[in-house]
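Undergrad: Let me begin by handing over the structure; questions about it come next.
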Amino acid sequence: MKIPLAIAFAALVAATATVAHEDHGKPRFGGVVADAGHYQAELVARSDTLTIHVTEHGTPLSTAAGSARLTLLAGGKKTEVALAPAGNNRFEAKGTFDLKGAKVVAALNIPGKPPKTLRFALDDTPAQR
């Protein structure tokens with residue numbers, strides 16, 4: 001009896017892990033997703049606001065007392081943008097941004113975690129206008 005119970009438990013654990021990672025890599029806020037180790041970040045880029053949502057294994061990761069810097073490469077121009085903590089697991093910057101076809105490098109610093117660098121490629125989707 002113990003062997004079938006162990007097999008059933010193992011199957012349940014495997015199914016739970018599959019469900020937990022089912023949304024991995026999929027945008028939840030209409031942006032573009034990138035991974036760096038255990039971190040996952042979603043950049044929601046609009047012409048007047050840049051927001052990065054940060055998670056670790058799908059769990060929101062506090063950005064309080066953290067910092068983020070984006071380097072935007074678009075139209076032959078390089079623009080540096082500092083983002084401030086803006087809520088539970090977000091960094092945000094407001095301004096006017098040229099985003100069409102931009103390549104973006106994000107440097108994230110979150111207290112108690114190693115610094116991470118993520119890369120995003122933007123196209124002209126509705127969330128990125």
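The values are calculated or read from the model by the stated rules, or taken from the named source; none is laboratory data. If you're wondering where the values come from, they're calculated on a predicted model, not measured in any experiment. Glycine gets a Cβ as well: all are built from the backbone with ideal geometry, and neighbour counts include every protein chain shown.
Undergrad: If I ask for residues that are part of a strand (DSSP E or B) and over 15 Å from ALA34 (Cβ atoms), which ones from the stretch 58-68 would you list? Talk me through it step by step, then tell me what you get.
TA: The initial filter retains those residues of the stretch 58-68 that are part of a strand (DSSP E or B), namely 59-60, 67-68.
Passing the criteria: THR59, PRO60, SER67.
Undergrad: Just for the stretch 22-51: of the residues that are in contact with a Ser or Thr (Cβ under 7 Å, 6 or more places away or on another chain) and assigned to a strand (DSSP E or B), which one is modelled with the highest pLDDT? Spell out the reasoning first.
TA: Let us first name the residues in the stretch 22-51 that are in contact with a Ser or Thr (Cβ under 7 Å, 6 or more places away or on another chain), namely 36, 40, 44, 47-48.
With the extra rule that they be assigned to a strand (DSSP E or B), the set shrinks to 36, 40, 44.
Working: ALA36: 82, GLN40: 92, VAL44: 96.
The residue in question is VAL44.
Undergrad: Can you name every residue in the stretch 70-114 that is in a loop (DSSP other than H, G, I, E, B), surrounded by 11 or more Cβ atoms within 10 Å (Cβ to Cβ) and either touching a residue at least 60 places away in the same chain (Cβ under 8 Å) or within 18 Å of the chain's Cα centre (by Cα) (or both)? Spell out how you get there, then give the answer.
TA: Taking the stretch 70-114 first, the residues in a loop (DSSP other than H, G, I, E, B) are 75-76, 86-89, 95-102, 110-114.
Adding the requirement that they be surrounded by 11 or more Cβ atoms within 10 Å (Cβ to Cβ) leaves 75, 86-89, 97-102, 110, 113-114.
ALA86, GLY87, ASN88, ASN89, LEU99, ALA102, ILE110, LYS113, PRO114, listed by residue number.
Undergrad: Considering only residues of the stretch 74-125 that are in contact with a Gly (Cβ under 8 Å, 6 or more places away or on another chain) and among the charged types (D, E, K, R), which is nearest to ALA64 (Cα to Cα)?
TA: Going through the qualifying residues, I end up with LYS116.
Undergrad: Based on this model, can you work out whether VAL54 counts as surrounded by 13 or more Cβ atoms within 10 Å (Cβ to Cβ), assigned to a strand (DSSP E or B) and within 14 Å of the chain's Cα centre (by Cα)?
TA: Values: surrounded by 13 or more Cβ atoms within 10 Å (Cβ to Cβ): yes; assigned to a strand (DSSP E or B): yes; within 14 Å of the chain's Cα centre (by Cα): yes.
When the stated conditions are applied, VAL54 passes them.
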